[in-house]
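Down below is the structure, laid out as structure tokens.
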Amino acid sequence: MLGSDPLFLVVAAYLIMAIVMAVLWAVQQRTRNASIGDVGWCVGLLVVVLGYTTQAPSGMERILLTVMLVTFYAGRLGLYILFNRVKGKPEDARYRRLREEWGDAEPSKMFVYFQLQAFALAACSLPFLVLLWNPRPPTAAVELVGLLIWGVAVAGEAAADLQLARFRADSRNQGRVCREGLWNYSRHPNYFFEWLHWCSYVLMTWGAPGWVLTWMGPIGMGIALLKVTGIPRAEEQALVSRGKEYEAYQATTNAFFPWFPRARLHTSPCSSRSRPKEQ
């Protein structure tokens, strides 16, 4: 295992982020846009991992590698959510539905949700911690393969986000379902690549001290995306807002893993959204 010092850093990160998320909860109570918590999660992960690098016994090469990984991943995702879900934007429809469902209990339940974000951040920082404490040279073959998967995953998620943003920016697509690019092969390609990104750290740190901790990423994120706040909530909202068009999309296109679509009713590439950025 890694020893007590790095694990103490994780506990400290959680406690700090619990305070930060409490502040962000208060902010969203005034702005009525809970996506600010998702931005805080991304920025928090970046700051926490940068804090880890100041205590890591690694050489400069591994520290720079880790900084690059977390900056490109969390920085890009945070900026995307900020400009597409927060700044000058109405609250994501899924959060609005949650507020309606929770009724009078909404403030307390939203507070719990934000605190769970702090816990999830601490858990998701573990792969970076293991990476920083890995004594193996960064040029090991298994790590290079993991980096290749990381590159595909982050690029794929960015492409899916960009394709959906462009589709939504066209007023003619209001209320329609995007089948452009990666969205033709998966109903949630951004979620798939998000999950694949966390899988890459398992391979990068294969056999390193504390390696088992890296499984927190793909397992935890997989459960959240497939069973909790990801696909179930996104599909529920999509069926409300897009109705039969989305039902047709469900009948032809895989929910998660990208694959060729089954025979579909429409030939148009675009027919008639939390991690928070889905349809």
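The values are calculated or read from the model by the stated rules, or taken from the named source; none is laboratory data. The structure presented is a predicted model; accordingly, all values stated were derived computationally and were not measured. Because the Cβ atoms are built from the backbone with ideal geometry, glycine has one as well, and the counts that use them run over all protein chains shown.
Okay, here's what the table says:
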quantity: Residue in region 1-33 that is farthest from Leu132 (Cα to Cα), counting only those that are crowded, with 17+ Cβ neighbours inside 10 Å and in contact with a Pro (Cβ under 8 Å, 6 or more places away or on another chain); calculated: Asn33
quantity: Residue check for Glu91: part of a helix (DSSP H, G or I), acidic (Asp, Glu) and out of contact with any Cys (no Cβ under 7 Å at 6 or more places or on another chain); calculated: no
quantity: Boolean, Ala153 is closer than 12 Å to Trp206 by Cα and either surrounded by fewer than 22 Cβ atoms within 10 Å (Cβ to Cβ) or in contact with a Cys (Cβ under 6 Å, 6 or more places away or on another chain) (or both); calculated: no
quantity: Qualifying residue in region 232-241 (condition: assigned to a helix (DSSP H, G or I), at pLDDT below 95 and of a type in the set (S, T, N, Q)); calculated: yes
quantity: Complete set of residues in region 18-33 that are over 14 Å from Leu116 (Cα atoms), under 20 Å from the mean Cα position of the chain (by Cα) and part of a helix (DSSP H, G or I); calculated: Gln28
quantity: Some residue of region 134-148 being charged (D, E, K, R) and part of a helix (DSSP H, G or I); calculated: yes
quantity: Restricting region 168-208 to residues that are part of a loop (DSSP other than H, G, I, E, B) and of a type in the set (Asp, Glu), the residue that is nearest to Val67 (Cα to Cα); calculated: Glu180
quantity: Matching entry among Gly103, Gly151 (being in a helix (DSSP H, G or I) and either under 17 Å from Ala208 (Cβ atoms) or out of contact with any helix residue (DSSP H, G or I) (no Cβ under 9 Å at 6 or more places or on another chain) (or both)); calculated: Gly103
quantity: Residue in region 44-54 that is closer than 20 Å to Phe111 by Cα, touching a Leu at 6+ places or on another chain (Cβ under 6 Å) and either part of a helix (DSSP H, G or I) or of a type in the set (S, T, N, Q) (or both) present; calculated: yes
